[in-house]
Amino acid sequence: MNNPQLNRHGELIHLLSTEGLPREILTHILDTAANFVGVHQREVKKLPLLRGKSVFNLFFENSTRTRTTFEIAATRLSADVINLDIARSSAAKGESLLDTIANLSAMAADIFVVRHSESGAPYLIAQHVAPHVHVINAGDGRHAHPTQGLLDMYTIRHHKGDFSRLSVAIVGDVLHSRVARSDIHALRTLGCPDVRVVGPRTLVPPDLAAMGVRVCHELEEGIRGCDVVITLRLQNERMNGALLPSSQEYFQRFGLTPERLRWAKPDAIVMHPGPVNRGVEIASSVVDGAQSVVLEQVTFGIAVRMAVMGIVAANEA
Ligand code: CP
């Protein structure tokens, strides 16, 4: 099937999802990011890769980490960065998404970084931009958050090396998590043999077994002996009704505490995409503990987003 993220030479022109991307492209992004990780320690932190290009950040949903790290990443690559304030834009007066894109394209946009509550919004935009314009999905509905998936892969590879012997547990509100989907596709493509999804039945979608993951409804079974524990935020804003009795009960069954973390390997790392609900999906002492790499994920996000923008900008449709 035709992959809208790739041109006819198989090169990455948009990043919309980790699903369907070949292993070589995922590895190329991670390897490129590795070259960018040290840039902030240089006296001159800027590289000329996107000089003369304009990156438009369009965040129709709130963000702290993704929006800011995209801005830092684009600035480090010498791009001009425009952060559209959606609440004060004409989108608030009812201007359509595609009209917004057409008008911003008329201002010579080169890259659109898009977060939207509607799954598929970045795909729609990618179908309507000029051949030299690139679209990067910064999170669409419940569907995908590919740069988060990639920065998670970068963090795992940094700490654990080869994926081929790893056990990775993804714990929590998988039903609403675009991060979980992006992580699962990337982990499977990169050769991780043991991906487990752990959560209450109401928060684990039924289609996951088909993605090659093991579904567990008990935390101990899910994280026992694993190398990586990825905890997910309970997304109350996406829950249309009572999927859970209460956040306290959730914490009692699935909250990651120091005692429960001992079920994983002694050198297991703990990850979380943020924002964290302390005391709901994870105890504060674990978020801030020695096995947590949560803030490293954020830092690596800059290099990964530099890599993604640099790679797509070098390719044309
Ligand atoms: N991980 C993540 O997407 O965080 P933000 O919502 O703050 O961007």
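The values are calculated or read from the model by the stated rules, or taken from the named source; none is laboratory data. What you see is a predicted model; the values in this text were computed from it and never measured. Positions of Cβ are generated from backbone atoms using ideal geometry, with glycine treated the same way; all protein chains shown enter the neighbour counts. With ligands, DNA and RNA removed, areas are computed over all heavy atoms of the protein, side chains included. Shrake-Rupley method; radii C 1.70, N 1.55, O 1.52, S 1.80 Å.
For segment 150-172, give me each residue that is part of a loop (DSSP other than H, G, I, E, B) and within 19 Å of Gly222 (Cα to Cα).
Leu166, Gly172
Residues of segment 63-101 being touching a residue at least 40 places away in the same chain (Cβ under 8 Å) and open to solvent by 40 Å² or more (accessible area, probe 1.4 Å), which ones?
Thr64, Arg65, Arg67, Ile72, Arg76, listed by residue number.
Go through segment 149-183 and give me each residue that's within 16 Å of the ligand (Cβ to nearest atom), in contact with a helix residue (DSSP H, G or I) (Cβ under 6 Å, 6 or more places away or on another chain) and open to solvent by less than 10 Å² (accessible area, probe 1.4 Å).
Of everything in segment 149-183, those that are within 16 Å of the ligand (Cβ to nearest atom), in contact with a helix residue (DSSP H, G or I) (Cβ under 6 Å, 6 or more places away or on another chain) and open to solvent by less than 10 Å² (accessible area, probe 1.4 Å) turn out to be Gly149, Leu150, Leu151, Asp152, Met153, Thr155, Ile170, Asp173, Val174, His176, Ser182, Asp183.
Kindly check whether there is at least one residue in segment 53-62 that is surrounded by fewer than 19 Cβ atoms within 10 Å (Cβ to Cβ), in a loop (DSSP other than H, G, I, E, B) and free of Cβ contacts under 8 Å to residues at least 40 places away in the same chain.
yes
Test each condition in (1) loosely packed, with under 15 Cβ neighbours inside 10 Å; (2) of a type in the set (Gly, Ala, Ser); (3) more than 21 Å from Ser167 (Cα to Cα) for Gly274 and report the one that comes out false.
For Gly274, the exception is condition (1).
Among the listed residues Ile101, Ile82, Ile72, which satisfies the condition of being away from the ligand (no atom under 16 Å from the Cβ) and assigned to a helix (DSSP H, G or I)?
Only one candidate passes the filter, namely Ile101.
Just one of the numbered conditions (1) farther than 19 Å from Phe300 by Cβ; (2) part of a helix (DSSP H, G or I) is not true of Val44; which one?
Condition (2) is where Val44 drops out.
Are any residues in segment 127-148 open to solvent by 20 Å² or more (accessible area, probe 1.4 Å) and not basic (Lys, Arg), and if so, which ones?
Hits for segment 127-148 are Gln127, His128, Val129, Ala130, Pro131, His132, His143.
Let me spell it out: the conditions are (1) in a helix (DSSP H, G or I); (2) open to solvent by less than 50 Å² (accessible area, probe 1.4 Å); (3) not hydrophobic (A, V, I, L, M, F, W, C), and Glu296 meets all of them except one. Which number is the exception?
(2)
So is Thr18 in contact (Cβ under 8 Å) with a residue 40 or more places away in the chain and outside the structural domain of Val135 (by TED's automatic domain parsing) or not?
yes
How many residues are within 14 Å of the ligand (Cβ to nearest atom) and out of contact with any Ser or Thr (no Cβ under 8 Å at 6 or more places or on another chain) if we restrict to segment 288-316?
Residues that pass the stated criteria total 3.
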